[in-house]
1. Apply the a/c threshold of 1.5 to the C-alpha gyration tensor of the range 250-303 and tell me whether it is rounded, prolate or oblate.
2. Under unit Cβ charges (Lys, Arg +1; Asp, Glu -1), what dipole magnitude, rounded to 20 debye, does the chain have relative to its Cα centre?
3. Relative contact order (percent) for the range 86-233, with alpha-carbon contacts under 8 angstrom and 6 or more residues of separation?
4. Taking Cα centroids, how far is the range 51-130 from the range 238-284 in Å?
5. How would the chain be classified by its alpha-carbon gyration tensor: rounded, prolate or oblate, with rounded meaning a/c under 1.5 and the a/b versus b/c comparison settling the rest?
6. Mind checking the range 233-304 for chymotrypsin sites (Phe, Trp or Tyr not before Pro) that DSSP puts in a loop (not H, G, I, E or B) and that have at most 15 other Cβ atoms within 10 Å?
7. In cubic angstrom, how much convex hull volume per residue do the alpha carbon atoms of the range 93-198 span?
8. Mean residue ellipticity at 222 nm from the helices of the chain, using -39,500 (n - 2.57) per DSSP H segment of n ≥ 4 over the full residue count, to the nearest 500 deg cm²/dmol?
Amino acid sequence: MVSGRVIKSTGSWYTVEKAHNEGTIAARIPGKMRLEGLKQTNPVAVGDRVDMEIQEDDTGIIKHIHPRENYLTRQATHGKRGEQIIAANIDIGIVVQSVRQPQFKTGFIDRFLITCEANNVHPLILINKLDLARKDDLTRLDEIRRLYESLGYELMLVSVADDVSINMLKEHISGKTVTLMGPSGTGKTTILNTLNPDLKRTTAEVSGFSNKGKHTTTFAELLPIGDSSYVVDTPGIREFGLVDIDAAGLSNFYVEMKELRTQCKYYNCTHVHEPGCAVMEAYDKGEIHPERYMSYLQIIESLS
Ligand SMILES: Nc1nc2c(ncn2[C@@H]2O[C@H](COP(=O)(O)OP(=O)(O)OP(=O)(O)O)[C@@H](O)[C@H]2O)c(=O)[nH]1
Ligand SMILES: [Mg+2]
Ligand SMILES: [Zn+2]
């Protein structure tokens, strides 16, 4: 058996890297494994560590997938049911937003953070296109930075034309496997191309009419940055779907609520209208940021 990490998937063939700079093996999975895929449409995902049996023609048959430390999913596309694993064994999940074109939404960030909390993924909030910021944007960005940093999250402001900011990002992800997720047009692919100019991946103008991107990126792959990092670019998404989270459990994934919720009178308190709610009490005392509580209420509503 030979072990390695899946860096690319075409659906029927997988590219498996034995170790950094030690060459790759083209591998397949036995038909049986496909059927075992439960909720997900892809049984093997990029980022998976696998054991392969090497055939006479030097291709591999994947026999075993190591337990995943974590993974992120998205709704399957092309009318398929279920969800698709974007990548497994992710060191940092990056949510990409832009200052303008399109304008960032804290609701999107919160949904991403909830997903990371629920999936054991370390998040980073990346706000791009700082060059487009006007004076009032800067005040708002400062507010947002203080809000998320006070909750213990990391936030970086970058602009692809600003080498200093891009180098800071490069430094931050050094040696790590990271995913880039966010709305179309926020600059995910442009950031990737700036981090590794050899990649030359397709990007698109944000259309002036709708101010939305054009959903340029259509498949996922672990792409190398320097000689120790990997980035997974993903197609833009309009909204971050929350899988397997219900109203009574949502506050588990709000870092400022998860301890408090155990002090509520009712164990299944949703912190919206219940008497004896410790979360609402904390909110009234100004201990929970209004924006976060508002986003919580909006998400609760979307869940029911
Ligand atoms: N002003 C400015 N424009 C940027 C910046 N980064 C990216 N852009 C532009 O934003 C547009 C969209 O960039 P993409 O990289 O294609 O966006 P994406 O997030 O990959 O979009 P999808 O693949 O559709 O999800 C392009 O016209 C980029 O040139 C930046 O820092 N500043
Ligand atoms: Mg893209
Ligand atoms: Zn409560």
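1. Judged from the Cα gyration tensor, the range 250-303 comes out rounded (a/c under 1.5).
2. Details: 35 positive and 40 negative charges, 157 e Å.
Its charge dipole is roughly 760 debye.
3. 27 percent
4. 25 Å
5. It is oblate, given that a/c is not under 1.5 and a/b is not larger than b/c.
6. Details: sites: 240, 253, 254, 266, 267, 283, 293, 296; in loops: 240, 254, 266, 267.
For chymotrypsin sites (Phe, Trp or Tyr not before Pro) across the range 233-304 that sit outside H, G, I, E and B with at most 15 neighbouring Cβ atoms in 10 Å, the list reads 266, 267.
7. 102 Å³
8. Calculated at 222 nm, the ellipticity per residue is -7500 deg cm²/dmol.
None of the figures in this text is laboratory data; all of them are computed from the coordinates on show. If you're wondering where the values come from, they're calculated on a predicted model, not measured in any experiment. All Cβ positions, even for glycine, are placed from backbone atoms using ideal geometry, and neighbour counts span all protein chains on display.
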